[in-house]
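Undergrad: The following block contains the structure, expressed as structure tokens.
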Amino acid sequence: MPNSVNTSQFSDKLAGYLEKAKLYADKILVLPNESFQKTLAIAFALCLAGAVLVSGSAVTLKPLQESNKSKDEKVNILEVAGLLEDGTDIESTFKNIETKIVDLSTGEYSDSIDPKTYDQWKAAKDPALSEAIPPEQDIASIKRKPKYAKVYLVKQDRQLKSIILPINGYGLWSTMYGFIALQADAQTVIGLNLYDQAETPGLGGEVVNPKWKALWKGKKVYNFTGKELHESNLSEKGQSIEIGEVALGLVKGSVDPSKPGSEYQVDALAGATLTSRGVSNLVQYWMGKEGYGLYLAKVRSGRG
Ligand SMILES: Cc1cc2nc3c(=O)[nH]c(=O)nc-3n(C[C@H](O)[C@H](O)[C@H](O)COP(=O)(O)O)c2cc1C
């Protein structure tokens, strides 16, 4: 009842305003075109109509934008995991992917955040959900890192097949955002997809070139020296957990597959040393112990 009263009051008021506006418009329109009052009123009416049109479109198009953004994200995830082919049904394929939140400080899954609504890169800008990276650790030049990360697990018959991890880091002109996909061994790369960047097309922008992206498949991330153990875990559970040394990176020229160490190397982008360095740095950072290192070590040890 109060709702219907409110609605009819609003309609009455609106009708009143429109009536007044019409009377005013009639008065204005009979004025000569040179009249200052008429020029001002027409300009105002045009601004008002424009503002209504723009804000109306922004409001009505928002759900469509949100849905396109979510679809784009799914496409990027499926692509990096090698699950996107011509005619792939995005929604049904995505049903095999479980989204989880990882606490980066412990490498454990966390239920305290809803993965459906969590935006890791928005969180990285929120002081309550992120932390400043000390300059000496900030090799990816991102300044802040989220406390929680959103990871995507591809499963088949409840068996883990691959892990997809969001990554970011500065190139030459821009912060590049993307995903890296690893096999269930948390060591072998399936793909790297830097879907959002503003490097120069033809130079650093070649990060999107499918031929270059294909070079990542099968590369290894960690060199296990047996030395780098995570101390907190050693004392906590009396078990060692080896994070490993991040060996994966870009090298100038063409990688010779017959040379030892080539399993950790990807060709740098020609004429784009600085973007290439940015890519190496972001991989180093996010695969390292400040990023997903501890989580991936736990996956490898069967505790993730
Ligand atoms: C207009 C312009 C745009 C450039 N864009 C990039 C870029 O996106 N990424 C990059 O690494 N280098 C870019 N460079 C080149 C760098 O300034 C630098 O020369 C290059 O990274 C050196 O790479 P090289 O050692 O492989 O030749 C650009 C240069 C110019 C003049």
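The values are calculated or read from the model by the stated rules, or taken from the named source; none is laboratory data. Note that the coordinates shown come from a computational prediction; the quantities given were computed from them, not determined experimentally. Backbone-built Cβ (ideal geometry, glycine too); neighbour counts: all protein chains shown.
Undergrad: Run down 84, 64 and say which single residue is assigned to a loop (DSSP other than H, G, I, E, B) and of a type outside the set (Ser, Thr, Tyr).
TA: Details: 64 fails: assigned to a loop (DSSP other than H, G, I, E, B).
That would be 84, the only listed residue that is assigned to a loop (DSSP other than H, G, I, E, B) and of a type outside the set (Ser, Thr, Tyr).
Undergrad: Pairs, please: C-beta under 7 Å, at least 6 apart or cross-chain, first residue modelled with pLDDT under 90 and in the stretch 33-54, second surrounded by 10 or more Cβ atoms within 10 Å (Cβ to Cβ) and among the aromatic types (Phe, Trp, Tyr)?
TA: Close Cβ pairs (under 7 Å, with a partner that is surrounded by 10 or more Cβ atoms within 10 Å (Cβ to Cβ) and among the aromatic types (Phe, Trp, Tyr)) do not exist here.
Undergrad: Out of curiosity, is residue 54 over 20 Å from residue 176 (Cα atoms) and assigned to a helix (DSSP H, G or I)? Working first, answer last.
TA: Values: over 20 Å from residue 176 (Cα atoms): yes; assigned to a helix (DSSP H, G or I): yes.
It is true that residue 54 is over 20 Å from residue 176 (Cα atoms) and assigned to a helix (DSSP H, G or I).
Undergrad: Moving to a separate point now. Output the residues belonging to the stretch 278-299 that are more than 13 Å from residue 108 (Cα to Cα) and either assigned to a helix (DSSP H, G or I) or not assigned by TED's automatic domain parsing to the domain that holds residue 204 (or both).
TA: If the condition is that a residue be more than 13 Å from residue 108 (Cα to Cα) and either assigned to a helix (DSSP H, G or I) or not assigned by TED's automatic domain parsing to the domain that holds residue 204 (or both), then 278, 279, 280, 281, 282, 283, 284, 285, 286, 287 are the ones that fit.
Undergrad: If you take the residues of the stretch 192-226 that are without any contact (Cβ under 8 Å) to a residue 60 or more places away in the chain and β-branched (Val, Ile, Thr), which of them is surrounded by the fewest Cβ atoms within 10 Å (Cβ to Cβ)?
TA: Ranking the qualifying residues of the stretch 192-226, first place goes to 225.
Undergrad: For the list (1) surrounded by 13 or more Cβ atoms within 10 Å (Cβ to Cβ); (2) among the acidic types (Asp, Glu); (3) in a loop (DSSP other than H, G, I, E, B), I need the number of the one condition that residue 126 fails.
TA: (1)
Undergrad: Being closer than 18 Å to residue 184 by Cβ and of a type outside the set (D, E, K, R) is the filter here; which residues of the stretch 94-116 pass it?
TA: 96, 97, 99, 102, 107, 109
Undergrad: Filter the stretch 245-272 for residues that are among the aliphatic types (A, V, I, L, M) and surrounded by fewer than 17 Cβ atoms within 10 Å (Cβ to Cβ); which is nearest to the ligand (Cβ to nearest atom)? Don't jump to the end; show me each part of the working.
TA: Step one: filter the stretch 245-272 for residues among the aliphatic types (A, V, I, L, M), giving 246-248, 250-251, 255, 266, 268-270, 272.
Narrowing further to those that are surrounded by fewer than 17 Cβ atoms within 10 Å (Cβ to Cβ): 251, 270.
Numbers: 251: 12, 270: 6 Å.
Of everything passing the filter in the stretch 245-272, 270 is nearest to the ligand (Cβ to nearest atom).
Undergrad: What single numbered condition from (1) among the β-branched types (Val, Ile, Thr); (2) over 24 Å from residue 160 (Cβ atoms); (3) away from the ligand (no atom under 13 Å from the Cβ); (4) not in a loop (DSSP other than H, G, I, E, B) fails to hold for residue 275?
TA: (3)
Undergrad: Moving to a separate point now. Of everything in the stretch 155-176, what is in contact with a Leu (Cβ under 7 Å, 6 or more places away or on another chain) and away from the ligand (no atom under 16 Å from the Cβ)? Give them in sequence order.
TA: 160, 162, 163, 167, 168
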